[in-house]
Each structure stands twice: as C-alpha cells, then as structure tokens.
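What follows is a set of notes on a single structure, which appears directly below.
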Amino acid sequence: MSRRWLFADQLGPHFLDDRRQPVLLIESKAVFRRRVYHRQKAHLILSALRHRAAELGAQATYLRTETYAEGLRKVREPVEVCHPTSRRALEFVRRRDGVTVLPPRGFVTSLDDFAEWAGGRRGALRMEAFYRFAREHHRVLVDGDEPVGGRWSLDVENREPPPKDGRLAVPAAPVPKEDDIDAEVRADLDRWEREGIRFVGRDGPRRFPATTKEAQARLRHFLRHRLPAFGPYEDAMLSTDPWLAHSMLSSSFNLGLLDPLDAIRGAEKAYRSQGAPLASVEGFVRQVLGWRDFVWHLYWHFDAGWRRSNALAARRPVPGWFQELDADAVQAHCLSDVLAGVRDHGWVHHIPRLMVLGNYALQRGWRPAELVEWFHTRFVDGYEWVMTANVVGMSQYADLGRMTTKPYVSGGAYVNRMSDYCGGCRYDPRKRLGADACPYTTGYWAFLDRNRDRIPANARMARTMKQLDRLADVDRVVAQERRRGNDAP
Ligand SMILES: Cc1cc2nc3c(=O)[nH]c(=O)nc-3n(C[C@H](O)[C@H](O)[C@H](O)COP(=O)(O)OP(=O)(O)OC[C@H]3O[C@@H](n4cnc5c(N)ncnc54)[C@H](O)[C@@H]3O)c2cc1C
Ligand code: SF4
C-alpha cells in the first residue's frame, strides 16, 4: 500500500483508506516564515499535526524540515496525496515525480458533482440553488422529493436579535485540555519568535480541537446542547458572549479532523429523533453543506484571477492598528470588541466578520488582496480556498457580485438591531454628522456615494440609491469621512 502524505489540513481518519496505511507528515517551518500568523493559529496547526503523528506512532514518518520539497527529498518511496486545498500546493504536488494526486476529500460534494450542477446553468451561480442540489443529491433532510418541513431554506427564522437580558442560556462548548504536545509547541513558538519569526495576536489556552477525538466531542456537545439556540441567534452579536450558540467547528472541518458529512448526518438525527428544532438543524446544514462546499467549489471553478479582483478600485492600505489587532486604539464599541475577539481568540463568528470587520473595510476602500491575507492569517480557520469567496466575493464585493446580489454594506442601524453594542458606545448609530456620528453610518453613505457608478444597478440596490439621492448633506458626510481617513474610529 502506498504511503499517504497528509498535509496539515488533512488530518482525520477519512483521509486514509486503511487504518494501517503508512503515512507521511511534514512540518515545514518556511510556512510560518512566509506570513505573519496569529499565534494561536500557528499553535493549533502545529499541535494538530504533532498530535496526529503521536496517534499514528510507527505508522507515520514525521519530518521537520524547512520546506516540503526538502521533506520529500528524504522519502525514498512513491507517495500519494489527496488533492490539496490551494492552487499553489496543487501545482507543487503535480510537479513532483513519484507523487500521485488523488481526488479531494473533506467536503461533502465532489468536483464532479459541482461540475454537473454548474455546467448546465446560465447566469450567476447562487448558493441557494447549489444547496438544494446538494441536499437532493445526498438525500439530506428530504422526505421523498420534498424538503423536510416544506421549504428548502428557513433563513428567515435565523435572524433574531440577541436576548434582551444580554445572555444566551446555553452550556459553553467543552474546551480541550492542553497536554505535553501543546507545551512543546508553545516552547517551540517562543523560540521561533526569538529567532525572528513574527506572530500577531495574544497567546492563550488552546480553545479549538487538535484531534479528531476532541472535535467529535465538541460536535456531540453542540448537537445536544447548543444546536437548538443556533438557528434563531445565528446572526446576533453580544458584547459579553462572542460564542453564542455557534458550533466553533470551522477549524476542525478545515484541519480535516472532522468529516462534514458526519456533522450533517448528526444534525439530521438530532431533528428526526431528538426533537431539535428544524430551523436550527436546517440552518446548520445550510452552513456546512451549502456555504462551506459552495465556497470550496467556487475557488476552483472561477479563474485564478478572481482572487485579485478589485472592481470597486479600493486602493487604501489596511492600516497598522487593524493589522496589529490593536483593539485598544478603537473607540467604536462594536469594532473594538470584535477586533479584541480576533486578538484574543483568532475567531469571531460570521456576522462580526461580515458586518463589523468586512463592512468597515469595504466602506473605507481597503485593498481586498490585503484583507484576504489578513483574514487568512488572523483566524484559526483561515485557508486560501475559503478566503476568495468570503472576502473578495461576499465581504468586499470586489467582483461586482459573481456570488452575491448586492454588497454587504450597512450603517449603524444594522449593528444596533442585531447587537447590544450601540448602547455602550460613544457614537450614535442614527447620526451621520458631528462628533458623535457613527462611523458605520457615515461610512455607509460615503461608500454608496463613491461607488454609485460602479455598483451594477439592480432592483435590490435601486431603493438604496434613491435614499442616497434624497440626502441633502451627502457632501458634508463625504468630507467628514475624508477627514477620518484611515485613523482608528
Ligand atoms: C469575511 C469572512 C471571512 C471568513 N473566513 C472564514 C475562514 O477563514 N474559514 C472558515 O471556515 N470560514 C470563514 N468564514 C465563514 C464563517 O464566518 C465561519 O465559517 C464561521 O464563523 C466559523 O464559526 P463556527 O464554526 O462557529 O460556524 P457556525 O456558525 O457554527 O457554522 C457551521 C459551519 O458552517 C461552515 N460555514 C458557515 N458559513 C461559511 C462560509 N461562508 N464559508 C465557509 N464555511 C462556512 C463552517 O465550516 C462552520 O463551522 C468567513 C466569513 C466571512 C464573512
Ligand atoms: S454606534 Fe456605531 S460604532 Fe458604535 S457600536 Fe453602534 S454601530 Fe458600532
């Protein structure tokens, strides 16, 4: 049986064909020299890789080298590898003699499934249509030919604001226990820092699973205790609780520790036999089977240039305070709290990423390519394949809507409705002018004014543009935003 080379995001049992298959694991230090990673992300990747090596024992050859090429030169037998998750890595493995590249794993739908679905379609590719195809194809939450509950998406039931008393009563997700491997990783990272490799963010106890066992424990706990509240509060934000009822499983899926189909089948079982509410179950399945698989396929389906799109001509550099996660430099309560979450955990949930961090960047015209790098390196679950769709397409609208119908841009009213931030803020979400004008509200109108001719006219934007036309003070709003420039708000 061939030796299976596992990249550091292919660590679960579903990346092997046989429990005794010989394995190759390579820890490349150059990966950490090339980019400035969040310290906790670097810790998680190394911890997961080393835990896998410990689990496999003599079955695995574990190499610590500067580069993958150096590691491969030490191996004297042919190896095979599952299709890697970035274009650069795919090119690398395809160019090596003696390396056989197998189809991808770690996603529910195959490249052929997606080609079959996308091939017959005209016009823009939309997640909702792909999701329906994937549910039918894999018979998830369907009875006969119909979706369980009569509708394919219960999205409208997933948008509750946070509870008024500022608490979501769900048990906290189990936190993994650090062990000797984590201690060794921490000591190595300290040494690497002294040698000049730079990290950002705070170190802290490891919060995310590094083994399949830990990931499965988190999944089981989520399905039992947190899933019921997941659906209604999926979009809500609370200053006192960054986790709410989210699964915190993205890094486990993306490291390959957890098979997404197990999570989907587990959620379906929770609905069918344990009484979990359908809106929550369907909402979770939509994220994993719909969004996650969809953005994976789009990465390969669109040309490599998609990643460099900048159709809104956003030319400002991402400022130092944002790059360094300097939450204390920021007075805007929402942005400061969310940036602190990234600094302290390398994770915040979807809406802070999209409507606080991404929205602020979009309004200010920060360079999408720099933001791609920022999200990739600052988040424990960041990988290149997931960045292009989420950052370039969804959050920055830099491709003018290849996957969305309009830009995800909003003023302070959205944050005010979906969070408890505005009450404790020195700014006022209703104001667009003056010392206490909310930077999101001002930024919203300034963004629309600047991009009026670039954003394609469609029915969803028409009403917004009419509102902009009715603003008598738009020149003053724009001037106020220009004065703020790239300073922390
Ligand atoms: C600007 C921006 C950057 C993002 N960067 C990443 C990233 O680097 N890595 C990443 O995995 N997700 C990313 N996402 C998607 C999403 O925000 C995270 O997957 C989610 O917040 C992770 O937390 P969770 O595991 O608790 O997810 P839950 O809210 O519990 O959702 C369940 C699962 O659904 C999947 N999922 C949901 N939405 C998406 C999506 N849009 N794309 C891919 N998977 C999705 C994830 O695997 C997640 O674990 C990004 C979104 C935005 C708007
Ligand atoms: S007022 Fe504006 S800046 Fe302050 S928390 Fe609300 S949205 Fe954020």
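When the accessible area of the chain is split by element with a 1.4 Å probe, what percent falls to carbon and sulfur? Present the calculation step by step, with values, prior to reporting the outcome.
Working: 10000 of 20760 Å².
Heavy-atom surface of the chain belonging to carbon and sulfur, 1.4 Å probe: 48 percent.
When N counts the residues of the stretch 179-269, how does its alpha-carbon radius of gyration compare numerically with 2.2 N^0.38 Å, as a ratio? Walk me through the numbers on the way to the answer.
Details: Rg = 16.3 Å, N = 91, 2.2 N^0.38 = 12.2 Å.
Its radius of gyration relative to the 2.2 N^0.38 Å reference: 1.33.
Rounded to the nearest 500, what is the chain's calculated 222 nm mean residue ellipticity when only DSSP H runs of at least 4 contribute -39500 (n - 2.57) each, over all residues? Working shown, then result.
Working: 22 runs with 207 residues, N = 489.
For the chain, the value works out to -12000 deg cm²/dmol.
If you look at just the Cα atoms of the stretch 136-188, how large are its Rg and its Dmax in Å?
When restricted to the Cα atoms of the stretch 136-188, Rg and Dmax are 21.0, 56 Å.
Whole number please: convex hull volume per residue, Cα atoms of the stretch 306-484, in Å³.
111 Å³
Long-range amide H contacts for S419: which residues qualify at under 5 Å (H placed 1.01 Å from N, peptide plane, sequence gap of 5 or more or a different chain)?
Close amide H contacts, sequence-distant or interchain: M237.
How big is the antiparallel share of DSSP beta bridges in the chain, given as a percent to the nearest 5?
Values: 2 of 23 bridges.
Of all bridge pairs located within the chain, approximately 10 percent are antiparallel.
Over the Cα atoms, compute the radius of gyration (one decimal) and Dmax (the largest Cα-Cα distance, rounded to a whole number) for the stretch 3-102, in Å.
13.0, 37
Using unit Cβ charges (K, R positive; D, E negative) and no other charged atoms, how large, in debye to the nearest 20, is the dipole of the stretch 183-337 about its Cα centre? Spell out each step's value before the answer.
Details: 21 positive and 20 negative charges, 73 e Å.
With only Lys, Arg, Asp and Glu charged at Cβ, the dipole is about 360 debye.
Would you mind checking the tilt of helix 368-378 against the longest principal axis of the Cα atoms of the chain, expressed as 0 to 90 degrees and rounded to 10?
Helix 368-378 sits at roughly 50 degrees to that axis.
Out of residues 5 or more away from H83 or on other chains, whose amide H comes under 5 Å of its own, with H placed 1.01 Å from N in the peptide plane?
Hits under the 5 Å cutoff: L102, R105.
Can you run the Rg to Rh ratio on the stretch 50-135? Use alpha carbon positions and the Kirkwood inverse-distance Rh. Please report the intermediate quantities before stating the final value.
Details: Rg = 17.9 Å, Rh = 16.1 Å.
Expressed as Rg/Rh, it is 1.11.
What Kirkwood radius, in Å to one decimal, follows from the Cα pairs of the stretch 417-489? Present the calculation step by step, with values, prior to reporting the outcome.
Numbers: mean 1/r = 0.0751 Å⁻¹.
It works out to 13.3 Å.
Roll a 1.4 Å probe over the protein chains and send me the accessible area per residue for the stretch 3-102 in Å².
Numbers: 4360 Å² over 100 residues.
That works out to 44 Å² for each residue.
Rounding to the nearest 10 and keeping the result within 0 to 90°, find how far the Cα-based axis of helix 39-56 lies from the longest principal axis of the chain.
Result, in degrees: 20.
Determine how many Å³ per residue the convex hull of the Cα atoms of the chain encloses. Mind dumping the intermediate values first?
Numbers: hull volume 75.3 nm³, N = 489.
In the chain, the Cα convex hull volume per residue is 154 Å³.
In whole Å, largest first, what are the principal axis extents of the Cα atoms in the stretch 78-180?
Each principal axis gives a Cα extent; for the stretch 78-180 these are 61, 52, 27 Å.
Sort 12-21, 40-49 for me by packing, meaning the mean count of neighbouring Cβ atoms within 10 Å per residue, highest on top. Intermediate results must be reported in sequence, preceding the final value.
Working: 12-21: 14.9, 40-49: 25.6.
Packing order, densest peptide first, comes out as 40-49, 12-21.
So how far, in whole Å, is the C-alpha centre of the stretch 141-189 from the one of the stretch 215-277?
When both Cα centres are located, 3 Å separates them.
Can you tell me the orientation of helix 260-274 relative to the chain, as the angle in degrees between its alpha-carbon axis and the longest Cα principal axis, to the nearest 10?
On a 0 to 90 degree scale, this one is about 70.
Radius of gyration and Dmax for the stretch 96-152's Cα atoms, expressed in Å?
15.1, 52
Taking 2.2 N^0.38 Å as the expected size of a compact globular protein, what ratio does the Cα radius of gyration of the stretch 118-248 give against it, to two decimals? Kindly include the intermediate steps, with their values, before the conclusion.
On the way: Rg = 20.6 Å, N = 131, 2.2 N^0.38 = 14.0 Å.
After normalising by residue count via 2.2 N^0.38 Å, the value is 1.47.
The values are calculated or read from the model by the stated rules, or taken from the named source; none is laboratory data. Given the structure is predicted, the values throughout are model-derived calculations rather than measurements. In this analysis, Cβ positions are derived from the backbone assuming ideal geometry, glycine residues included, and neighbour counts consider all displayed protein chains. Heavy atoms of the whole protein, side chains included, go into the accessibility calculation; ligands, DNA and RNA do not. Shrake-Rupley method; radii C 1.70, N 1.55, O 1.52, S 1.80 Å.
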